[in-house]
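> The structure is given below, and queries will be raised subsequently.
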Amino acid sequence: MTRPIKVLAIVTAMETGGLELYLLNVLRHLDRHNFEVSIVCTGRDSNWYKEELDELGVEIFYCHNSYFQVGYIYKIIKLLKKFKIDVVCDFRDDFSA
């Protein structure tokens, strides 16, 4: 049996909004045997969907992205290596390449 594909979604915050609700709906219907999803919030530490995300087994990390991009990039690289992330989906508005 193969290991699940590890996905890291990057958002500003998990507050109410179109993107956040879209991501939550995807997570609700995702096959958790084949995909393991974690979320990085780069802005505020608020999480309106914490209870449901906990039930879905989604781990949340907070990694503030200020104008000091080097520090942020270093933290993200550490997460990618530590958790052996296969796919990154960056949903932020600027620099979301």
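Bear in mind that the values in this text are calculations on the coordinates, not laboratory data. Note that the structure is a prediction, hence the values are computed from the model and not measured. Glycine also receives a Cβ, built like all others from the backbone with ideal geometry; neighbour counts cover every protein chain displayed.
> What ranking of Thr16, Thr2, Thr42 emerges when the number of other C-beta atoms within 10 Å of each C-beta is taken as an exposure proxy, fewest first?
On the way: Thr16 10, Thr2 5, Thr42 19.
Listing Thr16, Thr2, Thr42 from fewest to most nearby Cβ atoms yields Thr2, Thr16, Thr42.
> Charges at C-beta only: +1 for Lys and Arg, -1 for Asp and Glu. How large is the resulting dipole of the chain about its Cα centre, in Debye rounded to 20?
With only Lys, Arg, Asp and Glu charged at Cβ, the dipole is about 520 debye.
> Then there is this: Calculate, in nm to one decimal, what Phe35 and Cys63 gain on full extension: separation in residues at 0.36 nm each, minus their alpha carbon distance. Intermediate results must be reported in sequence, preceding the final value.
Values: separation 28, 0.36 × 28 = 10.08 nm, distance 2.22 nm.
Here the answer is 7.9 nm.
> Please list, ordered by chain and number, the residues whose modelled amide H lies under 5 Å from the amide H of Phe61; skip anything fewer than 5 residues away on the same chain.
Ile39, Val40, Cys41
> Oh, and also: Around Phe35, which amide H atoms from residues at least 5 apart in sequence, or from another chain, sit under 5 Å from its own amide H, with H modelled in the peptide plane?
Under 5 Å from the amide H of Phe35 lie the amide H atoms of Ile5, each far enough along the sequence or on another chain.
> Continuing with this model, one more query. Rounded to the nearest 500, what is the 222 nm mean residue ellipticity of the chain from helices alone, with -39500 (n - 2.57) per DSSP H run of 4+ residues and division by all residues?
Computed ellipticity for the chain at 222 nm equals -10000 deg cm²/dmol.
> Also, quick follow-up: Treat the count of other C-beta atoms within 10 Å as a stand-in for reagent exposure and order Lys75, Lys84 from fewest to most.
Ordered from fewest to most neighbouring Cβ atoms within 10 Å, Lys75, Lys84 come out as Lys84, Lys75.
> Mind checking which of Val87, Val40, Ile77 is farthest towards the positive end of the stretch 39-97's charge dipole, using Cβ charges of +1 (Lys, Arg) and -1 (Asp, Glu) about the Cα centre?
Farthest towards the positive pole: Ile77.
> Tell me which residues come under 5 Å, amide H to amide H, from Cys89 once H is placed; ignore anything under 5 positions away on its chain.
Residues meeting the criterion, in which the H sits 1.01 Å from N, are Leu8, Ala9, Ile10.
> Okay, next question. Indicate the gyration tensor shape class of the stretch 31-79 (rounded, prolate or oblate), computed on the Cα atoms with a ≥ b ≥ c the square roots of the eigenvalues: a/c under 1.5 is rounded; otherwise a/b larger than b/c is prolate and the rest oblate.
It is oblate, given that a/c is not under 1.5 and a/b is not larger than b/c.
> Can you give the Kirkwood hydrodynamic radius of the chain from its Cα pairs, in Å with one decimal?
13.8
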